[in-house]
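Each value in this text was obtained by applying a stated rule to the coordinates, not by laboratory testing. Predicted model only: the values in this text are computed from it and were never measured. Backbone-built Cβ (ideal geometry, glycine too); neighbour counts: all protein chains shown.
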Amino acid sequence: MSEVATNPVLSVRDLQCAYIHDHPVLSIPELDIYRGELVFLLGRSGIGKSTFLEVAGAMNLPGGGITGSITYFSKGEAVDVIDLWSKDQDVISAFRRQHLSFVFQETNLMENFSAGENMLLPGLIQGGDEGVIHERVRAFMDQLGLEQKLFDQHPNRLSGGQRQRMAFIRALSGHFEVLFGDEPTGNLDPASAESLMELLRSHLQSSGKSGVLVSHDFNLASRFASRVAVITHDPDRFGTGLLDRENIFWIRDGHWVNRDREWSHEELSVRLSNLIRNQERLVKA
């Protein structure tokens with residue numbers, strides 16, 4: 001296994017997140033995110049997927065407290081996100097800007113900039129070479145089937161699908177080590193979603209960057225992920241989402257594996273659908 005695959009960029013240990021003291025909503029005993037991989041995070045609504053993105057992405061600290069560690073490894077240094085929250089807000093913002101990128105179902109394109117300026121902005125803010133960033137954005141547009149004339153359009157003149165693809169290009173245009181996405185393909189038709197995942201997977205693998213996507217699309221997860229992690233209900237604590245090794249699947253020799261079992265892409269999609277459907281039945285019971 002290569003150094004890229006064996007050295008995590010993000011390591012989670014004994015994580016407990018609570019919005020009310022002593023009532024954790026999310027528990028993750030152990031999770032490592034490796035360079036170059038794309039991890040899909042699945043689970044029923046309200047199980048804690050977005051909570052993980054908020055905490056790991058240094059966007060929000062749950063009011064009821066957080067324990068454990070969320071550690072980023074970059075250029076020989078280790079930074080614990082939980083420790084960051086004891087520092088000035090400017091320090092937290094600088095960390096996000098330098099190491100992380102985000103894309104959401106809501107595109108949040110800025111209306112006072114052109115579409116192209118929106119896509120260029122992260123890289124320019126980071127001090128990147130404008131020519132290099134411009135060329136990268138134009139290439140991404142071609143790969144996602146966006147006409148070059150749209151570069152100069154105002155965002156409010158674009159379709160929802162065009163805006164969504166541009167939001168993704170914006171997230172990829174600058175420097176980052178981990179990209180977090182919350183339902184980033186929710187507004188796209190299947191063909192556009194697949195082309196976007198092809199681009200993302202290729203970019204992560206070639207650059208050694210990582211991606212963590214929250215999604216409800218079992219088919220995309222089984223086709224494009226390096227690993228699929230499913231948050232389920234903790235059987236010992238009602239109301240707590242649990243991510244453990246039993247529900248983490250990875251690719252080996254063209255098949256999905258977990259605990260010495262193998263699935264094809266189609267079989268894993270069915271397995272994931274049934275797993276989450278059973279979780280929803282537990283809540284209603």
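Odds and ends about this structure:
- The stretch 100-226 shape via C-alpha gyration tensor axes, a/c threshold 1.5: oblate
- Inter-part distance where the stretch 110-133 and the stretch 253-271 are each reduced to a Cα centre, Å: 40 Å
- Among the lysines of the chain, pairs that are 8 or more positions apart or on different chains and have alpha carbons within less than 25 Å of each other number 4.
- Surface/4 estimate of mean projected area, convex hull on alpha-carbon atoms of the stretch 156-285, nm²: 10.1 nm²
- Karplus (6.51, -1.76, 1.60) ³J(HN,Hα), θ = phi - 60°, over the stretch 60-71, in Hz, Gly and Pro reported as x: 7, 10, x, x, x, x, 8, 10, x, 9, 10, 10
- When ARG259, ARG136 are arranged by Cβ crowding within 10 Å, least crowded first, meaning fewest neighbours, the order is ARG259, ARG136.
- Between helix 115-125 and the chain: long-axis angle, C-alpha atoms, 0 to 90°, nearest 10: 70 degrees
- Measuring gaps between exposed loop sites in the chain (GluC sites (Glu not before Pro); DSSP loop; at most 16 other Cβ atoms within 10 Å), the longest gap, sites not included, is 148-285.
- Simple rule: put +1 on each Lys or Arg Cβ and -1 on each Asp or Glu Cβ in the stretch 3-284, find the dipole, and look at GLN126, SER215, ALA191; the Cα lying farthest toward the positive end is ALA191.
- Lys/Arg +1, Asp/Glu -1 at C-beta; the chain dipole; positive extreme among ILE33, SER11, GLN153: GLN153
- Prolate/oblate/rounded call for the stretch 1-152, Cα gyration tensor, a/c under 1.5 rounded: prolate
- In this Cβ point-charge picture (+1 for Lys and Arg, -1 for Asp and Glu), the stretch 1-79 has a dipole of about 180 debye about its Cα centre.
- Cα-based shape type of the stretch 5-60, given that a ≥ b ≥ c are square roots of the gyration tensor eigenvalues and the cut on a/c is 1.5: prolate
- Using the alpha carbons alone, the radius of gyration of the stretch 57-97 stands to its Kirkwood radius in an Rg to Rh ratio of 0.95.
- Rounded to the nearest whole Hz, the Karplus-based 3J(HN,Hα) values (6.51 cos²θ - 1.76 cosθ + 1.60, θ = phi - 60°) of the stretch 23-33 follow the sequence 10, x, 9, 8, 9, 10, x, 7, 7, 10, 10, with x at glycine and proline.
- For LEU213, LEU121, LEU53, order by how many other beta-carbon atoms lie within 10 Å, fewest first: LEU121, LEU53, LEU213
- Look at the alpha carbon pairs under 8 Å that are at least 6 residues apart: their mean separation over the length of the chain gives a relative contact order of 24 percent.
- Which of ILE20, ILE169 has the fewest Cβ neighbours within 10 Å, and the rest in rising order: ILE20, ILE169
- Histogram of C-alpha separations across the chain, 10 Å bin width, %: 6, 28, 35, 24, 7, 0
- The stretch 179-218 versus the stretch 229-252: alpha-carbon centroid distance in Å: 22 Å
- The phi torsions of the stretch 165-178, fed into the Karplus equation with coefficients 6.51, -1.76 and 1.60 and a -60° offset, translate into couplings of 5, 5, 4, 5, 4, 4, 5, 8, 6, x, 7, 7, 10, 9 Hz, rounded to whole numbers, with Gly and Pro shown as x.
- Think of it as helices only: each DSSP H run of n ≥ 4 in the chain is worth -39500 (n - 2.57), and spread over all residues that comes to -12000 deg cm²/dmol at 222 nm.
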